[in-house]
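These notes are about the structure you will find just below.
The values are calculated or read from the model by the stated rules, or taken from the named source; none is laboratory data. Treat the numbers as computed from the prediction; the structure is a model and nothing was measured. Here Cβ is always computed from backbone atoms with ideal geometry, including for glycine, and neighbour counts include all displayed protein chains. For the accessible areas, the whole protein counts, side chains as well, though only heavy atoms, and no ligand, DNA or RNA atoms are used. Shrake-Rupley method; radii C 1.70, N 1.55, O 1.52, S 1.80 Å.
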Amino acid sequence: MNERRKPYPFDQIELKWQATWDKNRSFRAPNPGEENFDPAKPKFYVLDMFPYPSGAGLHVGHPEGYTATDIIARYKRLRGFNVLHPMGWDAFGLPAEQYAIKTGQHPIITTRDNVAKFKSQLKRIGFSYDWEREVNTTDPAYYKWTQWIFLQIYNSWFNPETKKAERISSYHGADPDGVRLAYVAEVPVNWCQELGTVLANEEVIEGKSEVGGFPVVRRPMRQWMLRITAFADRLLDELESLDWPDSIKALQRNWIGRSEGAEIKFEIGPDAPLQLGERIRRPHIKVFTTRPDTLYGATYMVVAPENPLVDQITTEEQRDSIEAYRAGIAAKSDLERTDLSKEKTGAFTGAFAINPANFERTPIWIADYVLMGYGTGAIMGVPAHDARDLEFAQRFDLPVRIVLQAPAGQESLGFVGDGTAINSPLIENLPTEAAKQKITDWLEERELGARSINYKLRDWLFSRQRYWGEPFPIIWRDGKHEALPESELPLEPPALEDFKPTGTGEPPLAKAKDWIRHSDTASRETNTMPQWAGSCWYYLRFCDPQNEKRFVGPEPEQYWMGGGKPGGVDLYIGGVEHAVLHLLYARFWHKVLFDLEYLSTPEPFQRLVNQGMILGEDGRKMSKRWGNVIDPIDVIEIYGADSFRCYEMFMGPLEQMKPWSMKGVEGVSRFLARVWRLIMEENQAGEWILSGEVQEVDPQKSELKILHATIKKVSGDIETLSFNTAISQMMILVNALTNTPVKPVSALRTLLILLNPFAPHLTSELWQTLAEKFPGVSGDITRQRWPDHDERLLIEDEIEIVLQVNGKLRDKITVALDATDAALETAALANKKVQNAVGGQTIRKVVVVPKKLVNVVTG
RNA sequence: GCCGAUGUGGCGAAAUGGCAGACGCAACGGACUUAAAAUCCGUUUCCAUUAAACUGGAGUGUGGGUUCGAGUCCCGCCAUCGGCACCA
């Protein structure tokens, strides 16, 4: 770069301080019992979402959240907390494997290189991580415990009585394999030929793979599943106790998608109903509905095309058309199938079902708008009060019967809200809620139905046909799975030369014939775990990263994760893109481990904050395609790490999306340079020396006032993560100090501590310089106490009072602080501008707000 | 369609129901300089009026409402962004 004169010598001081912090282990967080651990201090666990170390290195989006947590970490240390602030690498995953396929470079190599690059970039920004706690999900010493946790899940079941995960030994039923929290199932999966793997529903976006955008088709395969659905209610209910943004809670609730309703049996067959009791043994279709109150409006049934029932009920005359329809469905991709804009399709089975409420014969259809995977895979069609059913009924000329009266002024046909039941003898004229209860009670009494709850959440498809992931600690013997003995962990993947997918759906690990063979009678599972696995528990490992005996020792876990709140991590900052998946999976694993009594809290993360995305200078998402990507290291070259950190925080509210601006960085850099020049001046030789204006004098009253206002504002703003306004306030203070001829050391001292979390290098350097001369400044700035403000210094003798007439500003007057309401009113009415504005009108009322304003209201 | 977020100067933004636009950017003017950069000081919501000070009016997406007083609270609408999407 050109020898552009730097506004202050950040290039000389930043690397120096980073080296000093490393050497002094300044940010090491000792565990209970370790050297230098101070049990008198409270703990604070502040966590970043650890990155996937890609080859491209860091971009400005990463350090936004990292800077926020770093400010919090440094602030909390100054506040006297033991702070856990760790960083690590989520390094298993597809990109490294794809790269290996392309170049032949082993993922271990790529991962090592990428981690080194990321780490050096993070260090250059001056983050105060305790690097002695660094973890890497691809390290055998780490994934040993990922595999171990999988075995805990595998060896557990969900006891519906206790609503908890329990060891499988407490299950006394016939088929333990049928209730394990990790189980094998033949399920239709999202198969991506291009990637040679199955993907989770969450990894498929509009029928294409999230990674690469390749086509994805449905195909049944044997897969490992985790029974997350058993925890649906707890995952839902326990959200309440967390300090998360409502929008994120809403996303999770939405994803879990709990809906209450009833399952209702419709018996099949054209005959008249038989006697009670006999009826129940006859073949029937069970449907799930959230609106049992519209049962009288059910004029047809629809069964999902894949439902096995279809084979049983289809009549001979209809068989050909049903089969043709099913064949057409099977050929379609998910994308085509779920295309909302397309017209409804379906086929008549020839069979009829009896509506249990009014004994009417209703035709049974199949249609692809009914999904096999939700509820019972069958519905009752109530066209009058469901948009989809109405569309279907109109398309196929099925009868429509209104059974719900909409509130006055609204059309009853197509009404889906709460109204009044009509044309429904059993529940006639009842409001929706009461009608639901009554008809469900009636159905339950006759064993024709039952209350039921359904979730959109599905069990977690946990296996991948990939190389670069944790191998399952599972062996197969005689067609049955069993746990690998713990003594054989970690189970490392074989050293493959060829990582390519087999193309058949068989995982790459199947190529390692020697590795597969476990013993004469057993062979290894060849699937690997998804990338989410390692990130499900890394925050626990950070508490005790070198423990070889346990995934986390009880004492460090209780210390760092405890604290009396439901969630253990005090503050967790990361991207909103993990709002559902990572955060739901981690909560699920956490609850299992909690139930098994390994953990002290039911939830992992107490307070969650999502940083907003940083856009390019053109307002577009940063991407190579637009050529608007900003490399943090380039910015640091020109302006320094402190300017970079402060600008990222000054841009606007943390949670908000905002565009980058190099001019903005420059502005913040000017601010830091002004701080530098408050304390330093250049001598004749062009060297920076301590400024003569810095003196040991008492600050003036006005200086004290602004100083304490700044302490108050900055402290409060850091607590609420309002870093932008904290910086604004410090700018105001610095502007004020710049204008005074003599700079009191005590004020500068306080300023440096306040600014330290934001600009740690600059403040460390200036602190050291002051310490050389002034006894009031000593030691290391990272070991100081955060200042408290003195409220008395903020009080003014005189205050400005706003005078309004009918709410409009007319004048301002200055009065004594202790002026009475009556005095204020008198002063206002005597004011010339107020009198002008009032004119001849009568004064109806005078509102006096003490210390604020007087509002004269005219009639 | 459903859920959520956002809407304030030329730009990033700020404002416990009480002075809208703090702070920063950009722009303009001034000081310093042979000059420039850097630095420092000042002006900067819009409209009208004025030589100027001043003065008057309008103003936080839009239409209503509550209130002495609304960017802020309530109801309706519009726009943008994000998530989910035939989940019965």
Considering the range A:568-600 alone, what residues qualify as being in contact with a Leu (Cβ under 7 Å, 6 or more places away or on another chain) and modelled with pLDDT under 95?
-> A:Ala579, A:Val580
Please tell me if A:Ala56 is modelled with pLDDT under 95, under 27 Å from the mean Cα position of the chain (by Cα) and surrounded by fewer than 24 Cβ atoms within 10 Å (Cβ to Cβ).
-> yes
Which is under 25 Å from A:Arg219 (Cα atoms) and free of Cβ contacts under 8 Å to residues at least 12 places away in the same chain, of A:Gly479, A:Gly469?
-> A:Gly479
Does A:Lys344 qualify as being in the same structural domain as A:Arg282 (by TED's automatic domain parsing) and outside any loop (DSSP other than H, G, I, E, B)?
-> no
What are the residues in the range A:737-769 that are within 14 Å of RNA strand B (Cβ to nearest atom) and either modelled with pLDDT of 95 or more or touching a Ser or Thr at 6+ places or on another chain (Cβ under 8 Å) (or both), if any?
-> A:Lys743, A:Leu755, A:Phe758
Test: residue in the range A:380-392 that is more than 11 Å from RNA strand B (Cβ to nearest atom) and open to solvent by 70 Å² or more (accessible area, probe 1.4 Å) = no
The correct count of residues that are of a type outside the set (S, T, N, Q), within 23 Å of A:Thr299 (Cβ to Cβ) and within 42 Å of the chain's Cα centre (by Cα) in the range A:432-447 is 5
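Got a sec? Which of A:Ser128, A:Ser120 is within 26 Å of A:Pro757 (Cα to Cα) and in a loop (DSSP other than H, G, I, E, B)?
A:Ser128
Going by what's in this entry, would A:Lys773 be described as open to solvent by 50 Å² or more (accessible area, probe 1.4 Å), closer than 30 Å to A:Gly692 by Cβ and touching a strand residue (DSSP E or B) at 6+ places or on another chain (Cβ under 7 Å)?
Taking the combined requirement at face value, the residue satisfies it.
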Kindly indicate whether any position in the range A:512-522 is hydroxyl-bearing (Ser, Thr, Tyr) and in contact with a Lys or Arg (Cβ under 7 Å, 6 or more places away or on another chain).
-> yes
Between a first residue in the range A:786-801 that is open to solvent by 30 Å² or more (accessible area, probe 1.4 Å) and a second residue that is away from RNA strand B (no atom under 15 Å from the Cβ) and assigned to a strand (DSSP E or B), which pairs have beta carbons less than 9 Å apart while being 6 or more apart in sequence or on different chains?
-> A:Asp797/A:Ala816; A:Glu798/A:Ala816
Considering the range A:339-379, residues that are closer than 18 Å to A:Gly261 by Cα and open to solvent by less than 20 Å² (accessible area, probe 1.4 Å), and then whichever is nearest to RNA strand B (Cβ to nearest atom), we arrive at A:Val370
Check A:Gly449 against each of (1) outside the structural domain of A:Val187 (by TED's automatic domain parsing); (2) under 29 Å from A:Pro604 (Cβ atoms) and name the one condition it does not meet.
-> (2)
Would you be able to say whether some residue in the range A:639-656 is in a loop (DSSP other than H, G, I, E, B) and away from RNA strand B (no atom under 11 Å from the Cβ)?
-> yes
